[in-house]
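Report on one structure; see the data block that follows.
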Amino acid sequence: MSAVSDFALEFLGVTCTFRASDGAASYPAVADTNLRVRAGEFVSVVGPTGCGKSTLLNIGAGLLAPSSGEVRVFGKALAGINARAGYMFQADALMPWRSAIGNVMVGLQYHGVTDAQARAQAWLDRVGLGEFGDRSPHQLSGGMRKRTALAQTLALDPDIILMDEPFSALDVQTRQLMEDEVLDLWAAKKKAVLFITHDLDEAIAMSDRVVVLSAGPATRPIGEFEIDLPRPRNVAEVRTQPRFVELHTQIWNVLRDEVLKGYQQQLRKAA
């Protein structure tokens, strides 16, 4: 067992229950969950739709307080917002009235960074948008907006990167380019990453470890898989390797029943 200091982010016995406004009912979104992410480790979380993946990420960001249990950041109990984490949302959080460089600068300016514009420009260069800094978000393609959001997240050099299905709305080709880009940037500094995705192929191709969550309510981890594919990886090429196919089969055997449970639950809600 690794020492506590080896872990960037820990969920220890975390439960999160949402209560109705009238107080008459409650919904246990996450129950008794233990999950650890080591410093420099890329961990993906997969599970059925509506199982509580984003809730878990919001708890790690400090946007939600657990009903019970504890979150630790580099060994210290988290109280309030996780200042050592950057959060990349499923829908980009770009401000429409700011240019691309203005959006990348916003966090730097908030933290009083004196060379905010130079640092923002450097990050736009790194994600291939160096010549598009003056463009408004509506003038950028979906992939360019995601690159801008990625630069916005990484510009503050967070020790932990939280990503909530950031590429789900992109076409397949652009998605693979963004996946490779994230892996290249991650490899350069090896930050801790907690990555939420519905796509099992994406999870295996990018991660050091994949965690499977049960169907909700009261979701919890039911399987963890070490991804022993060699790095560096190209996400398109790695999917043709026999070991990738073996890992996909192993993980899907655990995930399949939970996906079916989740699907049946969604049908009952719609009825």
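The values are calculated or read from the model by the stated rules, or taken from the named source; none is laboratory data. Keep in mind it's a predicted model, so treat the numbers as computed, not measured. Ideal geometry is used to build each Cβ from the backbone, glycine not excepted, and the neighbour counts take in all protein chains shown. The protein model used for the area step is the full one, side chains on, heavy atoms only, and it has no ligands, DNA or RNA in it. Shrake-Rupley method; radii C 1.70, N 1.55, O 1.52, S 1.80 Å.
Descriptive notes on the structure:
- R209 satisfies every condition listed in (1) open to solvent by less than 20 Å² (accessible area, probe 1.4 Å); (2) more than 20 Å from I59 (Cβ to Cβ) except (2).
- Selection count, region 232-261, where residues are outside any helix (DSSP H, G or I) and under 22 Å from the mean Cα position of the chain (by Cα): 4
- Pairs, first in contact (Cβ under 8 Å) with a residue 40 or more places away in the chain and more than 21 Å from Y27 (Cβ to Cβ) in region 61-76, second of a type in the set (D, E) and assigned to a loop (DSSP other than H, G, I, E, B), C-beta under 9 Å, six or more apart: V73/D159; F74/D159
- Single residue of Q176, Q139, Q152 found to be at pLDDT below 95 and over 29 Å from F244 (Cα atoms): Q152
- Residue check: L185 meets all listed conditions (1) modelled with pLDDT of 95 or more; (2) crowded, with 16+ Cβ neighbours inside 10 Å; (3) of a type in the set (A, V, I, L, M) but one, namely (1).
- Among (1) touching a residue at least 40 places away in the same chain (Cβ under 8 Å); (2) open to solvent by less than 50 Å² (accessible area, probe 1.4 Å); (3) in contact with a Phe, Trp or Tyr (Cβ under 7 Å, 6 or more places away or on another chain); (4) not in a helix (DSSP H, G or I), the one test that I204 misses: (4)
- For P232, the stated conditions hold: it is open to solvent by 50 Å² or more (accessible area, probe 1.4 Å) and closer than 24 Å to A39 by Cα.
- Filter pass, F225 being farther than 24 Å from G102 by Cα and in contact (Cβ under 8 Å) with a residue 12 or more places away in the chain: yes
- Flag: E179 matches the condition of being outside any loop (DSSP other than H, G, I, E, B), in contact with a Phe, Trp or Tyr (Cβ under 7 Å, 6 or more places away or on another chain) and of a type in the set (D, E, K, R).
- Where R145 falls short, out of the listed (1) farther than 28 Å from G13 by Cβ; (2) open to solvent by 20 Å² or more (accessible area, probe 1.4 Å); (3) touching a residue at least 24 places away in the same chain (Cβ under 8 Å); (4) assigned to a loop (DSSP other than H, G, I, E, B): (4)
- Residue match in region 216-230 (condition: assigned to a helix (DSSP H, G or I) and either at negative phi or among the polar types (S, T, N, Q) (or both)): no
- Scan of region 160-173 for residues that are open to solvent by less than 10 Å² (accessible area, probe 1.4 Å) and at pLDDT 90 or above, ordered by number: I160, L162, M163
- Breaking point among (1) over 14 Å from the mean Cα position of the chain (by Cα); (2) crowded, with 16+ Cβ neighbours inside 10 Å, for K191: (1)
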